[in-house]
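Remarks on the structure that follows.
The values are calculated or read from the model by the stated rules, or taken from the named source; none is laboratory data. This one's a predicted model, so the numbers in the text were calculated from it and none came from an experiment. All accessible areas refer to the heavy atoms of the entire protein, side chains included, with ligands and DNA or RNA removed. Shrake-Rupley method; radii C 1.70, N 1.55, O 1.52, S 1.80 Å.
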Amino acid sequence: HRERRLLVIGTMMAIGRWEEFDMHVRAALQSGFPLAEVKEVIMQQAIYCGVPAANHAVKEANAIIAELGLLQG
């Protein structure tokens, strides 16, 4: 399950399907998936998908993190 979740998040980022990216990031975080692992997928994908995709993914993920109250202070 963990590997599939990581692959789906990375794939949705790679193909720019932001509505699906949002859905899978939200589902992962709500089910207790480590925030650090979501961030790591985004950083890794930045290398292969490009910085513009990574920047957009960070923006989308930050909105979900804030919505779920997972901001780290």
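Couple of notes before you dig in:
- For the chain, the relative contact order is 35 percent, taking Cα pairs closer than 8 Å that sit 6 or more residues apart in sequence and dividing their mean separation by the residue count.
- Highest-MSF residue in the chain out of M13, M43, M23 [GNM, Cα springs under 10 Å]: M23
- When Rg and the Kirkwood radius Rh are both evaluated on Cα atoms of the range 20-73, their ratio Rg/Rh stands at 0.95.
- Residue separation of W18 and Q30 scaled by 0.36 nm, minus their Cα-Cα distance, works out to 2.5 nm of gained length.
- Rounded tilt (10° steps) of 35-49 against the dominant C-alpha axis of the chain: 10
- Rounded to 10°, Cα long-axis angle of helix 2-14 versus longest principal axis of the chain: 50
- Put F33, F21 in order of accessible area, highest first, and with a 1.4 Å probe you get F33, F21.
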